[in-house]
Amino acid sequence: MATTRSFAAASAARVWPLPMALAVACAVGCGPSGTATTTSAQRPVDRSSPTVPPAQAALDPSANAAPADEGAIQLRGGDEKEIARIVAASRGNVVLVDFWATWCLPCRELFPHTVEMHRRWKDRGLTVVSVSLDAPQQAAAALKFLRQQGAAFTNLLSPYGVSPQAFEAFEIDAVPHVNVYDRAGRLERVFAGGGAPINPQEIEEAVRSLLETKAAVPGPTDPASKARATAPASDAASSTAALAPPPQ
Amino acid sequence: MSRWSTIGLAFFLSATAAVVIAAERSPNATKGELKIGDKAPTWSELPGTDGKTHSLDDYQSAKALVVVFTCNHCPVAQSYEDRIIALQKNYRDRGLQIVAINVNNLPPDRLDKMKIRAEEKGFTYPYLYDESQQSAKAYGAKVTPHFFLFDKDRQLVYRGALDNNMNAAEANEHYLQAAIDAVLTGGKKVEKTTTKAIGCAIKYDS
């Protein structure tokens with residue numbers, strides 16, 4: 001299907017995280033000084049076409065390694081209240097929150113998919129927040145990973161250290177863990193590690209589906225959205241049933 | 001049925017459902033985790049790094065039994081190895097037995113690598129490999145390391161993390177040790193029975 005953007009080939013990429021990471025690192029750091037950023041800027045970047053053939057659409061982090069201004073990627077302290085504040089401030093957008101840690105190998109393998117979704121859909125209303133559960137002493141290592149990945153979105157570092165309190169505060173059982181909020185700020189999809197591996201294609205489909213839904217921003221004069229806002233909160237398991245698969 | 005009867009019935013049913021759902025989930029528990037008071041699920045003939053096979057029943061004489069699901073490669077699991085070794089050493093004479101089980105099927109976690117790690121670190125407790133992953137599934141283990149403490153009757157009295165920080169220097173709440181103390185001091189109740197286990201998610205193959 002012409003408009004299907006599949007990350008299927010990315011599953012092959014996930015098997016080789018280390019060479020991929022090296023490719024990303026080399027795209028910005030290796031080679032004669034002064035040419036690294038030029039090299040990545042010279043590669044043609046297709047950011048807008050909806051009909052990119054599957055081969056090109058396959059996830060290849062090294063093709064769009066890091067934005068020209070690597071210094072724009074930052075990491076700041078942030079807790080669960082900060083996440084809630086960002087979600088509330090992002091009404092109208094779909095928000096994806098990616099919980100990860102430098103010590104979590106599956107997280108590092110999943111992260112390029114998050115970066116790719118943001119690159120592709122940020123202009124269609126996708127907000128991405130990453131939350132590292134590293135200890136504060138690991139901030140430099142976490143930032144280094146984020147820059148290697150080209151994580152050009154909001155990056156938070158948990159203040160709790162690697163502790164039960166961290167998992168309790170963020171209400172997650174394990175990392176990796178991805179939460180996706182709809183345009184009205186409701187937590188609609190939860191992808192949790194600690195069992196079957198998280199499937200990045202499922203995340204992609206969920207995000208695409210939520211992007212396609214134009215939600216009315218809840219307001220006092222809109223009875224329909226007010227009814228939605230006061231409906232019982234769906235728990236993670238049942239909310240997935242509400243989303244129809246994208247039309248084939 | 002009149003409208004009010006219908007409303008009343010709907011309210012009653014949803015209230016009941018809410019109570020049932022709440023009862024199944026305690027605030028810190030991982031979904032599917034063994035519940036406090038549950039009996040230790042049996043596992044048998046698991047190969048250990050000592051070249052022998054091990055079964056839960058081998059440890060019947062232990063007054064307190066810790067089953068910890070852990071692995072080789074996860075940095076969080078690695079950071080807890082010394083603390084586990086110390087606990088086994090300090091409480092062995094009082095009847096504590098720790099058994100470590102790895103269910104990760106990644107190459108760095110398989111039995112040959114486990115043997116190397118056990119020797120390098122000087123594990124003083126069995127380090128077993130469960131290729132079927134059934135033991136971890138039966139206990140509801142989610143991450144490595146995930147600790148389960150059983151009393152002499154093999155009833156679960158504590159589940160979750162060993163203490164409150166991966167960084168040993170910052171850990172100031174020693175949950176597992178407090179629970180072991182309570183178990184080994186006859187008749188004392190464990191005060192904190194559940195904490196959130198921290199570590200790398202266990203990758204179940206199916």
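Structure values in brief
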{"read-out": "Some residue of the stretch B:173-189 being within 19 Å of residue B:74 (Cα to Cα) and in contact with a strand residue (DSSP E or B) (Cβ under 7 Å, 6 or more places away or on another chain)", "value": "no"}
{"read-out": "Selection status of residue A:105, surrounded by 24 or more Cβ atoms within 10 Å (Cβ to Cβ), within 14 Å of chain B (Cβ to nearest Cβ) and of a type outside the set (D, E, K, R)", "value": "no"}
{"read-out": "Of all residues in the stretch B:163-178 being in contact (Cβ under 8 Å) with a residue 12 or more places away in the chain and more than 10 Å from chain A (Cβ to nearest Cβ), the one that is farthest from residue A:104 (Cα to Cα)", "value": "B:178"}
{"read-out": "In the stretch B:93-123, the residues that are outside any strand (DSSP E or B) and of a type in the set (Gly, Ala, Ser)", "value": "B:95, B:118, B:122"}
{"read-out": "Restricting the stretch B:101-149 to residues that are of a type in the set (Asp, Glu) and crowded, with 18+ Cβ neighbours inside 10 Å, the residue that is nearest to the other protein chains (Cβ to nearest Cβ)", "value": "B:109"}
{"read-out": "Test for residue B:133: is it at positive phi and out of contact with any helix residue (DSSP H, G or I) (no Cβ under 8 Å at 6 or more places or on another chain)", "value": "yes"}
{"read-out": "Per-region count, the stretch A:128-181, residues away from every other protein chain (no Cβ under 14 Å) and at negative phi", "value": "21"}
{"read-out": "Index of the failed condition, residue B:68 passing every other in (1) within 14 Å of chain A (Cβ to nearest Cβ); (2) within 24 Å of residue B:35 (Cα to Cα)", "value": "(1)"}
{"read-out": "Residue within the stretch A:149-163 that is closer than 19 Å to residue A:186 by Cα and of a type in the set (Phe, Trp, Tyr) present", "value": "no"}
{"read-out": "Residue within the stretch A:107-123 that is under 20 Å from residue A:190 (Cβ atoms), part of a helix (DSSP H, G or I), among the hydroxyl-bearing types (Ser, Thr, Tyr) and at pLDDT 95 or above present", "value": "yes"}
{"read-out": "Hey, residue B:169 closer than 20 Å to residue B:70 by Cβ and either modelled with pLDDT of 95 or more or assigned to a loop (DSSP other than H, G, I, E, B) (or both) or not", "value": "no"}
{"read-out": "Candidate set from the stretch A:173-202 (those that are in a loop (DSSP other than H, G, I, E, B) and of a type in the set (A, V, I, L, M, F, W, C)); member that is farthest from residue A:96 (Cα to Cα)", "value": "A:196"}
{"read-out": "Lone unmet requirement of (1) outside any helix (DSSP H, G or I); (2) touching a residue at least 60 places away in the same chain (Cβ under 8 Å) for residue A:161", "value": "(2)"}
{"read-out": "Scope the stretch B:179-206; condition more than 7 Å from chain A (Cβ to nearest Cβ), assigned to a loop (DSSP other than H, G, I, E, B) and among the aliphatic types (A, V, I, L, M); matching residues", "value": "B:190, B:197"}
{"read-out": "Conditions (1) among the small types (Gly, Ala, Ser); (2) surrounded by 24 or more Cβ atoms within 10 Å (Cβ to Cβ); (3) in contact (Cβ under 8 Å) with a residue 24 or more places away in the chain: number failed by residue A:174", "value": "(3)"}
{"read-out": "Condition check for residue B:85: touching an Asp or Glu at 6+ places or on another chain (Cβ under 9 Å), modelled with pLDDT of 95 or more and among the β-branched types (Val, Ile, Thr)", "value": "no"}
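The values are calculated or read from the model by the stated rules, or taken from the named source; none is laboratory data. Remember, predicted model here, so these are calculated numbers, not experimental data. Don't worry about glycine lacking a Cβ; one is built from the backbone with ideal geometry, like all the others, and counts go over all protein chains shown.
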